[in-house]
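Chemist: Have a look at this one.
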Amino acid sequence: MFLQTFGPNLSGRDFAIGDLHGMYDLLFETLERVDFDFKADRCFSVGDLIDRGPDSPGCLSLIHEPWFHPVCGNHEDTLRTIARNPESSAILADWVLNGGRWHLNVSAKKMREYADWVDTLPYLILVEHSNGNKLAICHAEYPLKQWNPHNIKTDPELTRQLMWSRTKVQTGNTDWVEGIDHIICGHTIVEDPTTLGNTHFIDTGAFKSNTLTLLPLSQLK
């Protein structure tokens with residue numbers, strides 16, 4: 001699935017959460033602070049559930065929770081590549097250096113199972129709100145100047161940028177993406193949540209700062 005669409009939440013609240021990177025316990029501490037209702041509220045994740053923090057398997061298990069809705073991050077994409085192509089030594093070495101060492105204690109069979117879980121993740125999420133607003137969630141940044149998921153889906157380079165690019169936040173690009181009200185991204189660590197145009201970057205480096213940004217989508221007008 002490339003794009004997953006959610007209608008308005010008529011019974012609870014919606015939140016977006018920054019990159020987890022294995023910080024499973026911190027997620028639940030953060031949700032507890034807002035009295036998150038696991039039966040009515042929804043938590044949308046910008047991806048990078050795994051690596052660096054202490055509990056990557058726990059964070060991967062969240063994929064199966066009905067209240068938790070992540071997009072695929074570059075770390076999940078790397079897991080999938082290594083699980084199915086373990087001979088990719090350069091990618092493996094880079095992954096281990098960037099927090100993937102935990103997988104060395106996981107069987108090849110289990111890694112392939114994790115890869116199958118990752119296959120269920122969309123690259124983009126669209127959330128429709130009852131006030132008419134439409135909010136998109138992707139991992140790194142949205143690579144076009146207008147809302148056109150089909151053009152990204154059919155272009156491997158644009159799909160790569162969706163998960164890997166840092167250009168917009170690193171250059172301070174405030175261009176507005178037309179056809180969508182808000183876009184929420186992670187991937188690039190920011191000291192505080194940062195808004196550029198109608199794009200919001202919410203990865204506050206939880207694995208080292210112990211600060212996990214939880215953004216109520218109702219705040220985005």
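Chemist: Using the Cβ atoms and a cut-off under 10 Å, what net charge is assigned to the surroundings of His182, where Lys and Arg are +1 and Asp and Glu are -1?
Modeler: My count for the surroundings of His182 gives +1.
Chemist: Using amide H atoms built 1.01 Å from N in the peptide plane, name the residues 5+ places from Phe36, or on other chains, whose amide H lies under 5 Å from its own.
Modeler: The answer is none.
Chemist: Still on this structure, I have one more. Taking GluC sites (Glu not before Pro) as exposed when DSSP calls them loop (any state but H, G, I, E, B) and at most 16 other Cβ atoms lie within 10 Å, what is the longest stretch of the chain free of them, the sites themselves excluded?
Modeler: 88-190
Chemist: May I ask you to list the trypsin sites (Lys or Arg not before Pro) in segment 1-104 that are in a DSSP loop and have at most 13 other Cβ atoms within 10 Å of their Cβ?
Modeler: Lys39
Chemist: Within a Cβ distance under 14 Å of Asp94, other residues only, what is the Lys/Arg minus Asp/Glu net charge?
Modeler: Net charge in that neighbourhood comes out at 0.
Chemist: Hey, another quick one. Which number comes out as Rg/Rh for segment 3-219 once both Rg and the Kirkwood Rh are worked out on C-alpha atoms?
Modeler: Result for segment 3-219 is an Rg/Rh of 0.95.
Chemist: Please report the antiparallel percentage of DSSP beta bridges with both residues in the chain, rounded to the nearest 5.
Modeler: If I count the DSSP bridges inside the chain, around 35 percent turn out antiparallel.
Chemist: Please work out how much length the chain gains when fully extended from Ser11 to Leu214, using 0.36 nm per residue of separation minus the C-alpha to C-alpha distance, in nm with one decimal.
Modeler: 71.2 nm
Chemist: What number, in percent, do you get for the relative contact order of segment 1-97 if the mean sequence gap of Cα pairs under 8 Å and at least 6 apart is divided by its residue count?
Modeler: It rounds to 26 percent for segment 1-97.
Chemist: Considering the options Trp67, Leu3, Phe44, tell which one lies farthest towards the positive end of the dipole of segment 1-91, charges being +1 on Lys and Arg and -1 on Asp and Glu at the Cβ, about the Cα centre.
Modeler: Checking the options against the dipole of segment 1-91, the answer is Leu3.
Chemist: Most exposed first by the Cβ proxy, i.e. fewest other Cβ within 10 Å, how do Thr30, Thr171, Thr120 rank?
Modeler: By the 10 Å Cβ count, ascending, the order reads Thr171, Thr120, Thr30.
Chemist: Restrict the search to segment 144-206; then list the trypsin sites (Lys or Arg not before Pro) that DSSP places in a loop and that have at most 12 other Cβ atoms within 10 Å of their Cβ.
Modeler: Answer in residue order: Lys145.
Chemist: With a/c under 1.5 counting as rounded, go ahead and sort segment 147-204 into rounded, prolate or oblate using the C-alpha gyration tensor (a ≥ b ≥ c being the square roots of the eigenvalues; past the cut-off, prolate if a/b is larger than b/c, else oblate).
Modeler: oblate
Chemist: If you take every residue apart from Cys72 with its C-beta less than 11 Å away from the C-beta of Cys72, what net charge results, scoring Lys and Arg +1 and Asp and Glu -1?
Modeler: -3
Chemist: Can you compute the label reach from Asp175? Point 7 Å from Cα along the Cβ direction, backbone N cut-off under 12 Å, restricted to segment 123-160.
Modeler: Inside the label zone: 142-147.
Chemist: In addition: Residue separation times 0.36 nm, minus the C-alpha to C-alpha distance between Lys221 and Ala108: what's the value?
Modeler: In short, 36.1 nm is gained.
Chemist: Sticking with this structure for a sec: With the dipole of segment 90-221 worked out from charges on the C-beta (+1 for Lys and Arg, -1 for Asp and Glu) around the Cα centre, which of Pro193, Ile125, Ala90 lies farthest toward the positive end?
Modeler: Ala90
Every read-out reported here was derived from the displayed coordinates using simple, explicitly stated rules and does not represent laboratory data. On a predicted model such as this, the values are computed, not experimentally measured, just so you know. Using ideal geometry, Cβ is built from the backbone for each residue, glycine included, and neighbour counts are taken over all protein chains shown.
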